[in-house]
Protein chains: 2
Amino acid sequence: MKRRVEQVFAHLESKPDAVVLANATDPHLDQSFFHLFEVPGGLFEGSVAVAHPDGSLDVTTSPLEAETAHLAAKHDPHVKIHVVNRDGPDSLEAVLRKLLPGTPTVGLNFPELTHGWYLRLEKLLPSAKFVDATAGVRHSRAIKEPSEVEKIRKAAAIGSRVGTEIPSLLKAGMTEHELAAEMEYRMNQYGANGRSFSTIVGFGPHSAEPHYLAGDAKLTPGVSMVCDFGAYYRRYACDITRSFHFGPRDDELKRVHDTVEAAQQAALAVLRPGVAGKVVHQAAEDVITATKWKGLFNHGLGHALGLAVHDGGPGLGPTSDEILEEGMVVTVEPGIYIQGHGGVRIEDDVVLTKNGYEFLTTAPRGYLEVSA
Amino acid sequence: MKRRVEQVFAHLESKPDAVVLANATDPHLDQSFFHLFEVPGGLFEGSVAVAHPDGSLDVTTSPLEAETAHLAAKHDPHVKIHVVNRDGPDSLEAVLRKLLPGTPTVGLNFPELTHGWYLRLEKLLPSAKFVDATAGVRHSRAIKEPSEVEKIRKAAAIGSRVGTEIPSLLKAGMTEHELAAEMEYRMNQYGANGRSFSTIVGFGPHSAEPHYLAGDAKLTPGVSMVCDFGAYYRRYACDITRSFHFGPRDDELKRVHDTVEAAQQAALAVLRPGVAGKVVHQAAEDVITATKWKGLFNHGLGHALGLAVHDGGPGLGPTSDEILEEGMVVTVEPGIYIQGHGGVRIEDDVVLTKNGYEFLTTAPRGYLEVSA
C-alpha cells in the first residue's frame, strides 16, 4: 500500500507531517482507511490509520480485530499494527502521541471524519495543528491501481451475470421485492460479499422514480422496469442498471430506450482522460434535449465508483469541472423518466484507459422485450 | 414525529434554538435524521433536518427525492419539506438562513456529522453558535416508541425464522459463504429490506473469531459454528447469533454452549430499567469467570439496537455506566472463544419493559447437534 500512501502526499500542496484517518462506529467508517490499509475482513470501528510521507502506515486496532489486522499486514513491510487498550502505555492516546511527537501538522479527511472524532483528536493531540488533506486522499483513491480495478471488474462481472439473467427470472404476478431478493441471492451465489446498495426494482410507473426501491407492486404484461443494483467484492462495489420491457410492446418506451442508448453512446464517444466530467454529461444530455423527452433526464450522468458506490472522486455531473484521468472508474447512466408512465436508465461501469475507456460491466444493454 | 423531536430538546440541559442534522454522502448519513423524519425510502444524501423546540421539523431535499419526502410528510402536520436547488431563493443557504434567522444557537449531532459538514454549516450560518446536542439526540433515539419496537420486532421475527431454519440448511461440504448466501436470501424472501450487516458464518476454528465473516471453509462433521446475522425491516435492524454443532458431539463445546446459555440467563435475570449496563455485563461474565473458560469472553455483553446495528445508545459493556430505561432495545450476547478449536455465542435482542425485558428474537437458543 506504500504507493497509495505516497499518492496522498503527492497531491497535497502543503505537506503535513502525517495524514490521519479515523473510523467512528459503523456506518461512520472512513472508507479511505480501507484504501490505505487493505484488510479483507473486519469493521475496524474506532481504529486510526496514520500515514507518513515515506509511504509507511501505522494502524491501531482493538484486541477484537488484532488477528485480522496482523494477517493483513504480514506481507507488507510498510504497515505496522498497534493493538490498543483502554488505558496505560497501549492506550490510543499514548500510541498516537508516540507516533506524532512534538507539534506535528496533521492532515485529516474532512468529508469522512465525524466532527466528534475531530474534537477527540484535538484532545488526544493538543499540540498538533490540523489541516485539510481531502485533496490528497481523494486523488489517491480516485486513481485506481490495477489490483483495485480487478476487484471492481470482478464485482461488475457478478452484476453483469445477474443482469443478463434477469429476463429469465420475470414472471407475471411476481413482486418487485421478490425479483430484488432473487437478484441479490444470485449475486451472493456468484461470489459477491453482499449487495453494494439497496436494490432498485421499479415496475411500470415506479420505473420513473430514479431512487425508488423495491416494493409490493406486481409485474403485469405491458410494463417497463428499471433494475439498478450492485455487488460488493472484497469491499469494492459495482453499480449497474438495466431496463426491460415485459410483454406487449409499448412503442413510446421502445423509442425512449433507443434514445437513452444513444445518449450513453454519445457520452462514451467523448469519455477519455483530459476531458472534464461535465463535457461527458453534456454529450448525453444533448441527445435527450433534441427529443420530445427534453428535460426528463433529471440527474447527473455518473459518479466515481470504488470502495463506496458514490466514491467521492470526480464524477460526470452537469457541473463536474474536474479533469478525468487514466485509472478513474466511473458510472455512465443516462435516463429518461416519464412520470406516471415509466422510465428507462442504462448504467455501466467503466475504467478510464490511456486513450479512452474500457467497460467493466458487460450485460447486454440493447432493448429487450421479454415475453409475458 | 413531534414527540421524538420534543424528546431531543427534553434531554438537553441548555436548550438550543434548533437542532440540525445533516447527511453527507452515503454511508455518511446521520441515522438520527431518519429517527426524526420517518421516510420509508431514499438516501437523502445532502439533506438537512432542522428540529425546533415546539416539535416541528423542516427537512430539505434535492428534487430527486422530493416526491418521496412529500409522501412521507403528507400525514404529519409537523413536518415541512423544502426542495432545494443549486442556487437562487431555493438554495440550501437561503432556506437555512430563513429557517434559522438572527444569531441562533444551533445544536448538532457530533458523532454522526462529518467534520466537512460542520465547516460547511459554519459558512452557511456565519452568525450561528454551534453547540453539542448529542445527549438529546442520543436519548430520543435510545428510547424506542412502540412503532419503532414493532419494526425491530418484525426484523427480529425474520431473523428468528431463518435462525430456526439453519439446521435444515446444513450439508457436509457446503462453504460458509454458501450458508450465508442462503440465510440472506431467506431473510429477503421473508420480507427483509436486506441484511443489517455482513453475515458472519464461521465453521470450526473460525467460530472462535468474533468478527470473522463468511469464507470458503467447508463444513465437515464434528465442528461447531457461529452464525451472526440480521435483517433490516423499514430501516430498523435486528442482530441475532446462534451456534450449532454439526455431527459427532464435541463434549467440551457442548459444555461451552451450556455455560454461554447460563451466562445469558444470568444477565437476563438482572436486566431491567434502573440498572447500569455494566451490572448486566458483569452478571454474564461472572458465570464464565467461574469456569475453566475464564477470560475467553473478550467483548462487551451487548449494544443498543435500532436504526443502526450499533445504535449509539447505552449498551451492556463492562464500563457502561448509563442506567437502562424502559423502551431501550439492546442485544444480549455472551460468548466463549477457544482459539484454534471453536467458539459459541448466543445473541438475542430484547426491549426493556417496565419491570424487566421482553424477547424480540425467538429462535431456539438451546444446544443443538445437527446430524451430519
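The values are calculated or read from the model by the stated rules, or taken from the named source; none is laboratory data. Predicted, not measured: the structure shown is a model, and the values here were computed from it. Positions of Cβ are generated from backbone atoms using ideal geometry, with glycine treated the same way; all protein chains shown enter the neighbour counts. Each accessible area value is taken on the protein alone, full model and side chains, heavy atoms only, with ligands, DNA and RNA left out. Shrake-Rupley method; radii C 1.70, N 1.55, O 1.52, S 1.80 Å.
Using the crude model of +1 on Lys and Arg Cβ and -1 on Asp and Glu Cβ, and no other charge, please compute the dipole size for the range B:2-141 relative to its Cα centre, in debye to 20. Walk me through the numbers on the way to the answer.
Details: 14 positive and 18 negative charges, 58 e Å.
Around 280 debye, computed over the range B:2-141.
Long-range amide H contacts for residue B:328: which residues qualify at under 5 Å (H placed 1.01 Å from N, peptide plane, sequence gap of 5 or more or a different chain)?
HN-HN under 5 Å from residue B:328: B:144, B:352.
Provide, for q = 0.05, 0.10 Å⁻¹, the log10 of I(q)/I(0) from a solvent-free Debye sum over equal Cα point scatterers in the protein assembly as shown.
Relative scattering, expressed as log10 I(q)/I(0), comes to -0.24, -1.07.
Please give the charge dipole size of the range A:146-370, origin at the Cα centre, charges +1 on K and R Cβ atoms and -1 on D and E Cβ atoms. Round to the nearest 20 debye. Each step should come with its number before you reach the end.
Working: 21 positive and 29 negative charges, 67 e Å.
Magnitude of the dipole: close to 320 debye.
In deg cm²/dmol and to the nearest 500, what is the mean residue ellipticity at 222 nm of chain B if only DSSP H runs of at least 4 residues count, each as -39500 (n - 2.57), divided by the residue total?
Numbers: 10 runs with 121 residues, N = 372.
Result for chain B, helices only: -10000 deg cm²/dmol.
I want to check the label-to-label distance for residue A:78 and residue A:103. Put each point 7 Å from Cα in the C-beta direction and report it in nm to one decimal.
Inter-label distance under the simple model: 3.1 nm.
Extending each Cα 7 Å along its Cβ direction at residue B:70 and residue B:86, get the distance between those two points in nm, one decimal.
2.3 nm
At residue B:291 and residue B:189, where each label point lies 7 Å from the Cα along Cα→Cβ, what is the point-to-point distance in nanometres?
A separation of 3.4 nm, rounded to one decimal place.
List the residues of the range A:107-125 for which accessible area in the full set of protein chains is at least 50 Å² lower than for the chain on its own; 1.4 Å probe, protein heavy atoms only.
For the range A:107-125, once contacts with the other chains are taken into account, A:110, A:115 lose 50 Å² or more.
Take every DSSP beta bridge whose two residues both sit in chain A, then give the antiparallel share in percent to the nearest 5.
Values: 36 of 51 bridges.
Bridges in chain A are about 70 percent antiparallel.
Using only protein heavy atoms and a 1.4 angstrom probe, determine the accessible area buried between B and A, summed over both sides, in Å² to the nearest 100. Intermediate values should be presented prior to the final figure.
Values: alone 15760 and 15750 Å², together 28080 Å².
In total, this chain pair buries about 3400 Å².
Between residue B:171 and residue A:220, what's the calculated FRET efficiency when r is the beta-carbon distance and R0 is 30 Å? Round to 0.05.
0.20
What percent do you get for the relative contact order of the range B:146-370 when only Cα pairs under 8 Å and 6+ apart count? Working shown, then result.
Details: 573 pairs, mean separation 53.5, N = 225.
Result for the range B:146-370 is 24 percent.
At a 1.4 Å probe radius, carbon and sulfur cover how many percent of the accessible area of the range B:2-141?
On the way: 3060 of 5870 Å².
It is 52 percent, rounded to a whole number.
Residue farthest toward the positive end of the dipole of chain A, with Cβ of Lys/Arg at +1 and Asp/Glu at -1: which of A:314, A:167, A:334?
A:314
Please identify, among B:309, B:330, B:275, the residue showing maximal mean-square fluctuation in a Gaussian network model of chain B using a 10 angstrom Cα cutoff.
B:275
Quick check: Cα centre of the range B:80-123 to Cα centre of the range B:255-284, how many Å?
44 Å
Percent of Cα-Cα pairs more than 31 Å apart in the range B:146-370, please. Can you show the working numbers first?
On the way: 3855 of 25200 pairs.
Tail of P(r) above 31 Å: 15 percent of Cα pairs.
Which percent, to the nearest 5, of DSSP beta bridges fully inside the protein assembly as shown are antiparallel?
70 percent
Give the relative contact order (percent, whole number) for the range A:1-97; include only Cα pairs under 8 Å separated by 6+ residues.
In percent, rounded to a whole number, it is 25.
When the Karplus curve 6.51 cos²θ - 1.76 cosθ + 1.60 is applied with θ = phi - 60°, which whole-Hz ³J(HN,Hα) does each residue of the range A:8-22 get, with x for Gly and Pro?
Karplus values, whole Hz, x for Gly and Pro: 4, 6, 4, 10, 10, 5, 9, 7, x, 6, 7, 10, 10, 10, 10.
Suppose R0 equals 51 Å; then what is the FRET efficiency for residue A:3 and residue B:13 from their Cβ-Cβ distance, rounded to the nearest 0.05? Please list the in-between numbers first.
On the way: r = 50 Å, r/R0 = 0.98.
Step by step, r from the Cβ atoms, then E = 0.55.
State the antiparallel share, in %, of DSSP beta bridges confined to the range B:2-141, rounding to the nearest 5. Show your work: numbers first, answer last.
Numbers: 7 of 20 bridges.
Here the antiparallel bridges make up roughly 35 percent for the range B:2-141.
Return the subset of A:98/B:292; B:154/B:278; A:2/B:123 for which the Cα-Cα distance in this structure is over 30 Å, preserving the input order. Before the final figure, lay out the partial values.
Numbers: A:98/B:292 38 Å; B:154/B:278 28 Å; A:2/B:123 36 Å.
Among A:98/B:292; B:154/B:278; A:2/B:123, the Cα-Cα distance tops 30 Å for A:98/B:292; A:2/B:123.
Express the Stokes-Einstein translational diffusion coefficient of the range B:271-372 in µm² s⁻¹, to the nearest whole number, given a Kirkwood radius over alpha-carbon pairs, 4 °C and a viscosity of 1.567 mPa s.
Numbers: Rh = 14.4 Å.
The Stokes-Einstein estimate is 90 µm²/s.
Taking only Cα atoms, what is the 0 to 90° angle, nearest 10, from helix B:146-169's long axis to the longest principal axis of chain B?
Long axis of B:146-169 versus the principal axis of chain B: about 30 degrees.
How large, in Å, is the range B:1-132 by the Kirkwood hydrodynamic radius built from its alpha-carbon pairs?
Details: mean 1/r = 0.0681 Å⁻¹.
Computed over the range B:1-132, the radius equals 14.7 Å.
Compute the Kirkwood hydrodynamic radius of the range B:1-59, taking the inverse of the mean of 1/r over all pairs of distinct Cα atoms, and give it in Å to one decimal. Kindly include the intermediate steps, with their values, before the conclusion.
Working: mean 1/r = 0.0854 Å⁻¹.
Evaluated over the range B:1-59, this radius sits at 11.7 Å.
Can you give me the P(r) profile for the range A:106-168? Cα pairs, bins 10 angstrom wide beginning at 0, each as a whole percent.
Final binned percentages: 18, 27, 20, 20, 11, 3, 0.
Partner chain Cβ atoms within 10 Å, averaged over the residues of A:205-211 - can you pull that number for me? Present the calculation step by step, with values, prior to reporting the outcome.
On the way: counts 0, 0, 0, 1, 6, 2, 10.
Partner Cβ neighbours, averaged per residue: 3.
Given the options A:211, A:303, A:257, which has the most mean-square fluctuation in a GNM of chain A, springs set between C-alpha atoms less than 10 angstrom apart?
A:211
As I understand it, the value is the acute angle between the Cα axis of helix A:176-189 and the longest principal axis of the Cα atoms of chain A; what does it come to in degrees, rounded to 10?
Roughly 50 degrees between the two axes.
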